[in-house]
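Heads up: the structure comes next, in C-alpha cells.
The values are calculated or read from the model by the stated rules, or taken from the named source; none is laboratory data. This one's a predicted model, so the numbers in the text were calculated from it and none came from an experiment. Note that each Cβ is placed from the backbone with ideal geometry, even for glycine, and that neighbours are counted across all protein chains shown. Surface areas here come from the heavy atoms of the whole protein model, side chains and all, with no ligands, DNA or RNA. Shrake-Rupley method; radii C 1.70, N 1.55, O 1.52, S 1.80 Å.
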Amino acid sequence: MRIGVIGTGSIVTWFMKSALLAKDVSFTAVYSRKQETGAKFASENNIEKVYTNLQEMMNDKEIDAIYVASPNSLHYDHAKLALENNKHVLVEKPFTGNVKKAEALIKLAQDKELILMEAICNVHLPHMEYIQKRIPELGNLKVVQANFSQYSSRYNALRDGTVMNVFDPKMSGGALADINIYNLHFTVFLFGEPKSVKYYANQYKNGVDTSGVLILDYGHFVASLVGAKDSFSYNLAQIQGENGYILIPSNTSSLESVVFETHDTRKDVVQQDKPQLYYQVETFKSLIENKDFEKRDALLAHSLAVVKIAVEARSQIGLDYKY
C-alpha cells in the first residue's frame with residue numbers, strides 16, 4: 001500500500017511512524033501548499049516526492065491511497081478529489097462537519113468501489129473489542145461518562161485575540177470537533193445512536209466551543225461526555241452497571257488500559273503492544289486487500305452517525321459547519 005499524504009503537521013509524522021510498522025506499507029509523496037515546507041517534511045521522513053499541486057499528486061499512478069490530514073474544513077474537498085481520482089482514502093477525524101458532505105463522500109466511495117475510512121484510532125484498538133465483550137456482564141447500565149480535556153497550546157493565543165485553525169469556526173474547529181469527538185466515537189461505537197442529544201458549551205466570542213459537555217440520552221442510561229481545550233483534567237471513561245463497572249483510566253483516544261470489576265471479580269488489561277495509530281492502518285489495509293465493502297460500509301455508517309450527532313450538538317449552540 002503506497003500512500004500519499006496531504007498535510008505536514010505533527011499528526012502526520014505520528015501516523016507515519018505507526019503505519020510503517022505494518023507490512024508492505026510505504027509513503028510515496030507528500031502535498032504541501034509551500035514547496036519549502038513539503039521539502040523539509042519529505043527530507044525528515046524519507047519521502048521521495050513533494051507536490052504543491054493536488055491534481056498532479058492525484059495523477060501519480062504510484063500512489064494507491066491518500067491520507068487526508070489537512071485542516072478540518074478541507075477534509076471533504078480533499079477526500080472527494082482523491083476518490084474521484086480512484087484513490088482509496090483514509091481521512092482524519094472529524095470525517096466531515098456536515099451531514100450532506102459525509103453522505104456524498106460515502107456514496108462516491110461506494111459508487112467507485114473504493115475504500116473510504118475515517119482515521120479515528122480508538123474504534124480499532126484491541127481494548128475496544130475487550131470492552132464490547134465485557135459490557136453484558138455489567139447488567140443493566142446506569143451511567144456512562146468520559147472526560148478528555150487537554151489544555152491547548154493555542155488557547156493562550158486565543159486569549160490574546162489570535163484565532164488559529166483549531167478555534168476557528170470557518171475551519172470547522174472547536175472542542176467537540178477536535179477532542180470530544182473521541183468520546184463520541186467511543187460511546188456511539190459501543191451503544192449506537194442515542195434517543196436525544198444535548199450540548200452545553202463554553203464559547204469564544206466567534207462562537208466556537210472551547211469546551212463542553214455532550215449529553216447522550218439512551219433511555220435506560222445517560223452518557224456524559226466532556227471535552228475541553230481551555231482547561232485540563234484527569235482523563236478517564238467509565239461504564240457503570242448494576243453488576244459492576246469498566247474503567248478506562250486514560251483518554252478515550254488511546255484506551256491505554258482497562259479495569260473491569262464486578263461484585264466478585266476484577267481484571268486489569270495491559271496496554272496493547274503496538275502504537276495506538278497502528279491498528280487503524282491495519283484495518284484500512286485489510287479493507288483494501290480484501291475488498292471488504294461490507295466492513296467498509298459498517299465503519300462508514302458509524303462515522304455518519306457521529307457526524308449527525310456532532311452537527312445536532314453544534315446547532316444547539318449556533319454553529320453550522322459547511323464542510
| request: Among the candidates Ala102, Ala69, Ala109, Ala119, single out the residue that is open to solvent by less than 30 Å² (accessible area, probe 1.4 Å), in contact with a Gly (Cβ under 6 Å, 6 or more places away or on another chain) and more than 30 Å from Glu261 (Cα to Cα). | output: Ala69
| said: For region 1-56, which positions are touching a Leu at 6+ places or on another chain (Cβ under 7 Å), open to solvent by 30 Å² or more (accessible area, probe 1.4 Å) and of a type in the set (Ser, Thr, Tyr)? | reply: Tyr31
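Residues are listed down the side, and each one gets a yes or a no for (1) hydrophobic (A, V, I, L, M, F, W, C); (2) at pLDDT 95 or above; (3) under 20 Å from the mean Cα position of the chain (by Cα):
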site: Arg2; (1), (2), (3): no, yes, no
site: Ser26; (1), (2), (3): no, yes, no
site: Thr37; (1), (2), (3): no, yes, no
site: Ser73; (1), (2), (3): no, yes, yes
site: Val89; (1), (2), (3): yes, yes, yes
site: Ala109; (1), (2), (3): yes, yes, yes
| remark: Taking first residues from region 220-236 that are charged (D, E, K, R) and second residues anywhere that are buried (at least 23 other Cβ atoms within 10 Å of the Cβ) and part of a loop (DSSP other than H, G, I, E, B), the pairs with Cβ under 9 Å that are 6 or more apart or on different chains are Lys229/Gly174
| message | Give all pairs with beta carbons closer than 6 Å in which a residue from region 286-309 that is farther than 20 Å from Leu214 by Cβ meets a residue that is open to solvent by less than 60 Å² (accessible area, probe 1.4 Å) and outside any helix (DSSP H, G or I); count only pairs at least 6 apart in sequence or on separate chains. | response | Leu287/Ile115; Ile288/His88; Ile288/Ile115; Arg296/Ile115; Leu299/Met117
| Of all residues in region 144-162, which are more than 16 Å from Val258 (Cβ to Cβ) and either in a helix (DSSP H, G or I) or open to solvent by 60 Å² or more (accessible area, probe 1.4 Å) (or both)? | Gln150, Tyr151, Ser153, Arg154, Tyr155, Asn156, Ala157, Leu158, Arg159, Asp160, Thr162
| Residue check, Ala69 against (1) of a type in the set (A, V, I, L, M, F, W, C); (2) in contact with a strand residue (DSSP E or B) (Cβ under 6 Å, 6 or more places away or on another chain); (3) without any contact (Cβ under 8 Å) to a residue 24 or more places away in the chain, all met but one. Which one? | (3)
| query | Under the condition of being open to solvent by 50 Å² or more (accessible area, probe 1.4 Å) and either outside any strand (DSSP E or B) or touching a Phe, Trp or Tyr at 6+ places or on another chain (Cβ under 8 Å) (or both), which residue from region 177-203 is farthest from Ala146 (Cα to Cα)? | reply | Lys195
| task | Take the residues in region 313-323 that are under 17 Å from Lys93 (Cα atoms) and open to solvent by 20 Å² or more (accessible area, probe 1.4 Å), then tell me which one is farthest from the chain's Cα centre (by Cα). | result | Lys322
| query | In region 57-66, how many residues are open to solvent by less than 20 Å² (accessible area, probe 1.4 Å) and either closer than 16 Å to Leu105 by Cβ or touching a helix residue (DSSP H, G or I) at 6+ places or on another chain (Cβ under 8 Å) (or both)? | reply | 4
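Among the residues of region 84-104, count how many are outside any loop (DSSP other than H, G, I, E, B), of a type outside the set (A, V, I, L, M) and touching a residue at least 24 places away in the same chain (Cβ under 8 Å).
5
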| field | Those residues of region 33-51 which are in contact with a strand residue (DSSP E or B) (Cβ under 7 Å, 6 or more places away or on another chain) and in a loop (DSSP other than H, G, I, E, B), in sequence order | value | Ile47, Glu48
| field | The listed residue being touching a strand residue (DSSP E or B) at 6+ places or on another chain (Cβ under 7 Å) and either of a type outside the set (Asp, Glu) or buried (at least 16 other Cβ atoms within 10 Å of the Cβ) (or both), out of His124, His88 | value | His88
| task | Assess whether Lys80 counts as being over 16 Å from the mean Cα position of the chain (by Cα), surrounded by fewer than 15 Cβ atoms within 10 Å (Cβ to Cβ) and either among the acidic types (Asp, Glu) or not in a loop (DSSP other than H, G, I, E, B) (or both). | result | no
